[in-house]
1. Can you give the Kirkwood hydrodynamic radius for the range 60-111, in Å, rounded to one decimal and based on Cα pairs?
2. So between Ala44 and Cys69, what do we pick up on full extension, going 0.36 nm a residue minus the alpha carbon distance?
3. Given a 1.4 Å probe and heavy atoms of the protein chains only, how would you sort Asp77, Asp27, largest accessible area at the top?
Amino acid sequence: MLNNVLSSFLLALLSSHLLPVNGANHDVTLSGLSYSPNHLDNVAAGDTITFMASGGSHTATQSSLVNPCVHATGGFDSGTLNSGQTYQITVNDTNPIWVYCMMPGHCRSGM
């Protein structure tokens, strides 16, 4: 009996951590030489971020605080997004994510 109760509890505990959760979506517009908004608060694991290009070609490429204009090893990269195209990522944890634009001159201009 105790084994059945413990097994059920363990299964319920595992299920609560393994089942996909429908998180919130956060939109970020890539336009000119900026991301809008330029930072996101209250983003949780399981949320998505949708990058939307507007007015030109841009990328959403993961970097780091130490090397903000360098593609992070293993990090995401949208490839070139033209106006109207989108790219979406799912947030895996609450650690900061740094993103820059790889188009020539964009990162050095603040994007």
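The values are calculated or read from the model by the stated rules, or taken from the named source; none is laboratory data. Remember, predicted model here, so these are calculated numbers, not experimental data. Only protein heavy atoms, including side chains, enter the accessible area calculation; ligands, DNA and RNA are left aside. Shrake-Rupley method; radii C 1.70, N 1.55, O 1.52, S 1.80 Å.
1. Computed over the range 60-111, the radius equals 11.7 Å.
2. Full-extension gain reported as 6.5 nm.
3. The ranking, largest first, comes out as Asp27, Asp77.
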